[in-house]
Amino acid sequence: MIFETVASGGCRSYLIGCEQTCAAALIDPELSQIDRYLALAARDGLRFHYLIDTHTHADHFSATRQLARQLDVPVVMHRASPAPFVDLHLEGGELLVVGRLRLHSLHTPGHTRDSMCLQVEDRVFTGDTLLIGATGRTDLPSGDAAALYESLFQTLLRLDPALKVFPAHEYKGRTHSTIGHELAENPRLQKTERGAFIEMMQTLNLTMPTHLTEALRTNMSGGKTVAQMLSDAAAAVPFMSLAELKARLADQSGRMLVLDVRERDAYEAGHIPGAMHLPRGQLELRVNDELKDPTARILVCCEFGRISTLATATLRTMGFQGAVALDGGMKAWREAGNPITQGASP
Ligand SMILES: [Fe+2]
């Protein structure tokens with residue numbers, strides 16, 4: 001079996017591949033690592049057959065949806081998953097065929113209702129049901145401490161103690177554990193009595209994960225993250241540096257419209273000399289009145305360089321093929337000591 005672990009912060013995703021057939025599957029891929037997964041598969045001559053989420057993640061952005069679109073490969077989740085883009089729903093006890101490999105699924109609700117573990121040969125991918133020295137939390141949406149108790153003690157921990165455990169999270173750099181080791185050493189699993197286990201899980205008082213609402217929104221709907229919106233826009237537009245802008249303003253010969261898309265108070269507090277004001281929120285509605293030349297060279301700026309990227313992409317979509325975004329924003333422009341004009345007029 002070809003096997004790769006990809007760590008992204010505390011998140012772990014896994015690539016498994018069949019050496020004989022070059023078929024592969026990806027478990028819990030994360031959005032920021034897409035190029036790495038594709039590179040690993042290409043390096044070993046593998047083709048993905050399945051993109052699997054062990055559960056609805058609340059703490060990172062799943063890449064299954066985007067990879068599925070890119071590669072035309074099915075997304076696999078448990079039957080209880082609410083995500084509308086899942087192509088293949090598994091029940092506990094069913095298996096996936098990946099070349100000569102067999103991925104056996106176990107339904108292990110508790111961390112979430114749709115949590116599952118996947119056993120392949122000598123190892124089990126435990127998602128957030130069982131971590132090294134811990135368990136998944138049960139205080140997030142669809143979490144259930146009683147269900148986790150059953151999933152652990154009636155299902156997962158009854159597997160062969162020698163099975164290697166590969167969790168969806170690991171914060172201390174350990175590669176894996178075993179069922180036997182966790183049974184003996186995992187502090188949470190020492191609470192073998194149902195009531196004591198549930199009480200422990202319900203009183204952990206963990207802090208909420210960052211990006212909780214955004215992760216749930218995008219992972220459950222297939223919608224885009226804010227970072228994706230920005231990176232999609234950035235991929236579709238050219239940029240101009242602050243130094244180039246400064247040189248062009250000094251030169252005066254290169255006719256270029258500087259368009260400031262911030263709100264009025266920010267514009268009046270200080271803008272690039274000659275910059276026209278058209279707030280991002282009114283761009284589409286006022287563009288026909290304000291920007292009459294679709295061939296014009298338009299340099300779009302905002303405070304930090306993010307809204308201007310979105311606005312430039314919008315302008316180019318609308319046909320302004322001369323629109324370019326400022327690489328950086330007014331903050332950087334000011335801090336570099338460049339000229340500023342105050343007030344309502346350009
Ligand atoms: Fe999770």
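Derivation of every value follows stated rules applied to the coordinates shown; laboratory data play no part. The shown structure was predicted, so the numbers you read here are calculated from the model rather than taken from an experiment. Methodologically, a virtual Cβ is constructed for each residue, glycine included, from the backbone with ideal geometry; neighbour enumeration extends over all protein chains shown.
Its residue count N sets the reference 2.2 N^0.38 Å, and the alpha-carbon radius of gyration of the range 194-285 equals 1.90 times that reference. As a rough guide to protection, the peptides 109-115, 168-174, 273-279, 290-296 ranked by mean Cβ packing within 10 Å, highest first, stand as 109-115, 273-279, 168-174, 290-296.
Within the straight-line cut-off of under 13 Å between alpha carbons, the aspartates and glutamates reachable from LYS246 are ASP327, sequence neighbours fewer than 8 places apart in one chain being disregarded. The distance from the alpha carbon centre of the range 138-193 to that of the range 25-60 is 23 Å, rounded to a whole number. When only Cα pairs below 8 angstrom with a gap of at least 6 residues are kept, the range 192-301 shows a relative contact order of 23 percent. Every helix of 4 or more DSSP H residues in the chain counts as -39500 (n - 2.57), and over all residues that averages to -8000 deg cm²/dmol at 222 nm. With the charge dipole of the chain set up from +1 on Lys and Arg Cβ and -1 on Asp and Glu Cβ about the Cα centre, the Cα lying farthest toward the positive end among the listed residues MET318, THR207, GLY195 is that of MET318.
Between HIS169 and ARG12, the built amide H atoms are under 5 Å apart, and every one of these is 5 or more places off in sequence or on another chain. Note: relative contact order over the chain, using C-alpha pairs below 8 Å and six or more positions apart, is 12 percent.
Rounded to the nearest 5, what % of the DSSP beta bridges within the range 256-346 are antiparallel ones? Around 10 percent of the beta bridges assigned by DSSP in the range 256-346 are antiparallel ones.
Packing, taken as the mean count of other beta carbons within 10 Å per residue, orders the peptides 142-148, 197-203, 297-303 from highest to lowest as 297-303, 142-148, 197-203.
Among LEU67, LEU131, LEU159, the residue with the largest mean-square fluctuation in a Gaussian network model of the chain, with springs joining Cα atoms closer than 10 Å, is LEU159.
The listed peptides 337-343, 74-80, 259-265, 242-248, ordered by packing as a protection proxy, come out as 74-80, 259-265, 242-248, 337-343 (highest mean of other Cβ atoms within 10 Å first).
Phi-derived couplings, Karplus 6.51 cos²θ - 1.76 cosθ + 1.60 at θ = phi - 60°, listed residue by residue for the range 111-118: 5, 9, 5, 9, 5, 9, 10, 10 Hz, with x used for Gly and Pro.
Counting only Cα atoms, the range 299-345 measures 33, 22, 15 Å along its principal axes, largest extent leading. Across all directions, the shadow cast by the convex hull of the range 15-158 built on its C-alpha atoms averages 8.4 square nanometres. For LYS191, a cut-off of 25 angstrom between C-alpha atoms picks up these lysines, skipping any fewer than 8 places away in its own chain: LYS164, LYS172. Can you tell me, using C-alpha contacts under 8 Å and at least 6 residues apart, the relative contact order of the range 121-209 as a whole percent? This gives 36 percent for the range 121-209.
Each listed q (0.10, 0.13, 0.14 Å⁻¹) maps to a log10 I(q)/I(0) for the chain from the Debye sum over equal C-alpha point scatterers, namely -0.71, -0.92, -0.99. Candidate membrane-span-like segments in the chain, meaning DSSP H helices with Cα atoms spread over at least 24 Å of their own axis and a Kyte-Doolittle mean of -1.0 or above, do not occur, with no membrane implied either way.
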